[in-house]
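Encoded as structure tokens, the structure appears first; notes follow it.
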Amino acid sequence: VKNIVEIITALCLLIHSGYSVFFWFAHIPHLAIMNAVSVGLYIFIFYIATKGIYSTSAIIAFFEVLTTVVVTSLTVGWNFGFYLYAICLVPLVFFCNLKSKLIAFTSCVIDFLVFIGTFIICSRQEALFSSEHLLMEVMFVINAVICFSLLVLLSYVYSKTSSSTNQNLYEKNKNLQILASTDPLTGLFNRRTMFLKINEEKAKATD
């Protein structure tokens, strides 16, 4: 978890730094400033994550992403694809091991309500800043690539973690079986296992 949190935090730093520069040159200063503030926030998140405070860092990041989704979508429009980050929050919430499942599910409900609410508002009113259609398509592709890459990363890490956990369980069960069936001093079968083996051989001989 520590490694993946650090990787995601580093990615968020890069993303917000890039968008801060982009929105500044696009003459949308409040989005540039918001992304610059997010950079500072993710530096703080990275710091507390290195201290093992994953739940707090996850909650801060959760509300930062939602704020970014809402403000950016209302400013430049729904079709830029910033809403995709709200979808990425769902697996992240469970991956970051929040203190309780209730908090995780509540976070998902909040995420869904904000997602739907932002969509309704964006569909009923014009964006604050108009932009070229080509720029809109390019930004949507960039956001889609980032979000899909994040989901692929999380899926890969989950797969590797599950495989590692299953292997550890197999090894532990194997060791427990050996401990239960052998004498710790001699390494030979214990009395219980010997009787089981004898009964098995008797059954084979009878058949």
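The values are calculated or read from the model by the stated rules, or taken from the named source; none is laboratory data. What you see is a predicted model, and the numbers here were worked out from it, not measured in a lab. FYI the Cβ positions are ideal-geometry reconstructions off the backbone, even for glycines, and counts take in every protein chain you see. When the accessible area is computed, the model is the full protein with side chains, heavy atoms only, and any ligands, DNA or RNA have been set aside. Shrake-Rupley method; radii C 1.70, N 1.55, O 1.52, S 1.80 Å.
Couple of notes before you dig in:
- Our helix-only sum for the chain, with -39,500 (n - 2.57) per DSSP H run of n ≥ 4 divided by its residues, gives a mean residue ellipticity at 222 nm of -29000 deg cm²/dmol.
- Å² per residue, accessible surface of the stretch 1-142 at 1.4 Å: 55
- The tail of the calculated P(r) for the stretch 101-206, taken as Cα-Cα distances beyond 24 Å, holds 65 percent of the pairs.
- Under a model in which nothing but the beta-carbon of Lys, Arg (+1) and Asp, Glu (-1) is charged, the chain shows a dipole of about 980 debye around its Cα centre.
- Dipole-positive endmost among CYS122, SER107, TRP78 within the chain (Cβ charges, Cα centre): SER107
- Overall form of the stretch 65-106: prolate. Here a/c, set by the Cα gyration tensor axes a ≥ b ≥ c, is 1.5 or more, and a/b is the larger of a/b and b/c.
- Overall, the accessible surface of the chain at a probe of 1.4 angstrom is composed of carbon and sulfur to the extent of 69 percent.
- C-alpha long axis of helix 133-181 to longest principal axis of the chain, angle in °: 10
- Calculated semi-axes √(5λ) of the Cα gyration tensor in Å (choose from [x] 51, 18, 17; [y] 54, 18, 15; [z] 26, 22, 17), label: [y]
- Normalising by residue count, the stretch 1-70 has a Cα convex hull of 65 Å³ per residue.
- Under the combined filter of DSSP loop state and at most 16 neighbouring Cβ atoms within 10 Å, the stretch 105-168 retains these GluC sites (Glu not before Pro): GLU126, GLU132.
- For the chain: relative contact order, % (alpha-carbon pairs under 8 angstrom, 6 or more apart): 17
- Taking the chain as the region of interest, the number of lysine pairs whose Cα atoms are within less than 22 Å, with members eight or more places apart or on different chains, is 8.
- The stretch 35-135 shape via C-alpha gyration tensor axes, a/c threshold 1.5: oblate
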